[in-house]
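First up is the structure itself, then whatever we jot down about it.
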């Protein structure tokens with residue numbers, strides 16, 4: 001029989017041609033630009049490491065870095081907390097809740113909606129004087145003065161965190177539930193027979209066995225969170241108002257490149273962001289893994 | 001007696017109704033159903049909180065600007081048509097809809113077909129450099145999309161395809177994650193002997209791919225297609241960078257455009273515009289929710 005293995009190249013060729021042109025080349029080109037002062041037109045002059053030096057001392061970038069973390073951190077804590085509580089409720093063998101499919105769908109729904117629509121919607125719902133949210137909260141008597149959500153740095157960041165939580169807790173809940181349903185029922189039955197309380201069951205069976213799933217949620221959420229762009233871009237004026245509090249790293253990258261024509265510097269911002277993503281993914285991965293080993297030793 | 005101790009420990013009951021309950025068993029049961037009631041109430045409250053922004057959007061889309069400014073009510077207004085006319089005067093939202101649909105459908109088809117092709121090539125042929133290429137692809141999978149953004153824009157400029165759909169559609173041919181997923185799938189579902197049999201029957205390699213491999217891969221392709229479509233439909237930063245002409249805007253970019261336009265003066269029209277961008281997805285979700293949720297679960301557990 002003649003050798004058919006060379007056909008393999010034909011099968012993977014379209015992928016690699018497009019991948020090289022539209023993926024690898026742009027990544028490499030961006031890398032090159034990060035060492036130049038390219039401004040979108042004219043000649044790109046090589047300036048060495050100047051862009052990266054500027055990056056390290058750029059207070060706006062540092063601010064964007066911390067903003068991104070604050071916004072993501074609050075959102076993640078809430079999101080994973082809610083997801084775990086919901087999972088604990090729905091997996092409890094004693095209470096046996098019904099309606100999992102229904103609640104799962106409702107909780108997941110916000111995740112499917114285009115982020116720019118979400119941003120626009122909350123932009124007007126959260127309006128200080130005329131936003132429906134303030135009106136409803138005042139009618140219910142929960143607040144006496146309208147809250148200027150998007151005009152104070154603290155509340156603006158909190159708003160973004162809460163919107164993100166609203167968008168993502170349903171997704172995390174589904175993933176956590178998938179993990180929980182993968183845990184053998186034998187553990188829970190054994191715990192029941194031993195007379196373990198709900199808390200003990202949750203902290204000593206569910207949580208440790210969910211570790212791989214939680215790691216998955218954390219890393220995907222972190223990578224997504226570090227790329228936060230649509231919401232802060234469309235919620236306020238697109239440059240991070242109020243007071244730079246919604247200035248995230250990708251928003252900064254976008255504005256440096258396409259608003260101020262600092263392509264060279266923006267390219268360095270892109271690589272800075274990339275390095276940060278790698279470092280933090282590695283830290284998350286390592287720390288989870290180390291905990292696991294520590295526990296194994298204790299046993 | 002055995003039954004009772006089991007009940008106290010909460011082992012699932014199947015014959016509860018047939019049994020005579022002792023007083024303290026009744027108490028446990030009663031307390032348990034009360035706790036259950038409270039939890040249900042909280043869950044329903046959460047569901048309402050989840051849904052209320054959409055509800056506000058739908059109601060406000062039917063109310064006039066003045067009515068929205070003065071207060072909130074759950075009773076729909078009568079300004080739906082007027083809001084629609086005001087919005088259409090400035091922004092043709094259906095055009096954005098059409099553009100998004102064209103791009104997302106083409107992206108989904110290209111991703112599905114070419115990823116299957118590539119996955120098949122990686123799974124069933126032995127050639128030099130195969131493993132190296134596969135590992136390289138996996139490494140590139142980790143690279144976030146924004147890393148090459150500036151280079152991508154410059155490349156599109158050089159190729160003269162800025163302000164066209166090409167840079168938004170063609171790159172879909174190379175989707176590392178989908179290739180990875182499909183390769184794992186077909187490795188476990190398609191036995192090489194099936195391919196050998198087709199070869200002996202005289203089928204060409206491409207024909208084997210089309211008639212043997214594709215049907216087997218279809219469930220996995222469908223799963224990935226849902227996510228590809230949603231991802232493309234919701235993509236904001238790429239079309240924002242690539243497209244300049246308002247008549248070419250996709251829905252997400254058009255949303256941003258809506259915010260900066262005259263329509264923003266009329267809140268009712270704004271709500272309506274947002275509602276038009278949101279409602280079709282909600283309807284689609286109504287039919288696909290079970291499928292989508294199962295796909296998310298499957299994807300998470302596998303990795």
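Bear in mind that the values in this text are calculations on the coordinates, not laboratory data. The structure presented is a predicted model; accordingly, all values stated were derived computationally and were not measured. For neighbour counting, all protein chains shown are included, and Cβ atoms are generated from backbone atoms with ideal geometry for every residue, glycine included.
Using a simple spin-label model with pseudo-atoms 7 Å out from Cα toward Cβ, residue A:193 and residue B:92 lie 7.1 nm apart.
Based on Cα contacts under 8 Å between residues 6+ apart, segment B:92-260 shows a relative contact order of 44 percent. How high is the FRET efficiency between residue B:31 and residue A:77 when r is their beta carbon distance and R₀ equals 30 Å, given to the nearest 0.05? According to the calculation, E is roughly 0.40. Each stretch of four or more DSSP H residues adds -39500 (n - 2.57); spread over every residue of chain B, this sum gives -24000 deg cm²/dmol at 222 nm. Residues of segment A:1-35 falling in the label zone of residue B:113, defined by backbone nitrogen less than 16 Å from a point 7 Å along Cα to beta-carbon, are A:11-16, A:18.
Helical runs assigned H by DSSP (4 residues or longer) give chain A a calculated mean residue ellipticity at 222 nm of -22000 deg cm²/dmol, each run adding -39500 (n - 2.57) before division by the residue total.
Computed from label points 7 Å out along Cα-Cβ, the spacing between residue A:28 and residue A:9 is 1.9 nm. A Förster radius of 35 Å combined with the Cβ-Cβ distance from residue B:264 to residue B:166 puts the calculated FRET efficiency at roughly 0.65. Please compute the contact order of chain B in relative form: average sequence separation of alpha-carbon pairs under 8 Å and at least six residues apart, divided by the residue count, as a percent. Worked out over chain B, it gives 29 percent.
Inter-part distance, segment A:186-210 to segment A:241-281, computed on C-alpha centroids, equals 45 Å. Computed over chain A, relative contact order equals 27 percent, with contacts defined as Cα pairs under 8 Å that lie 6+ residues apart. The packing ranking of peptides A:34-44, B:279-289, highest mean first, is A:34-44, B:279-289, where packing means the average number of other beta carbon atoms within 10 angstrom of each residue. Modelled spin-label separation between residue B:197 and residue A:209, with each label point placed 7 Å from Cα along the Cα-to-Cβ direction: 3.9 nm. Distance from the Cα centroid of segment A:1-66 to that of segment B:193-257 is 24 Å (rounded to whole angstrom). Legend: mean number of C-beta atoms from other chains within 10 angstrom of residue C-beta atoms, peptide A:98-106, equals 4. When a/c reaches 1.5 or more, the comparison of a/b and b/c decides; with that in mind, is chain A rounded, prolate or oblate per its Cα gyration tensor? Oblate is the answer for chain A, as a/c is 1.5 or above yet b/c matches or exceeds a/b.
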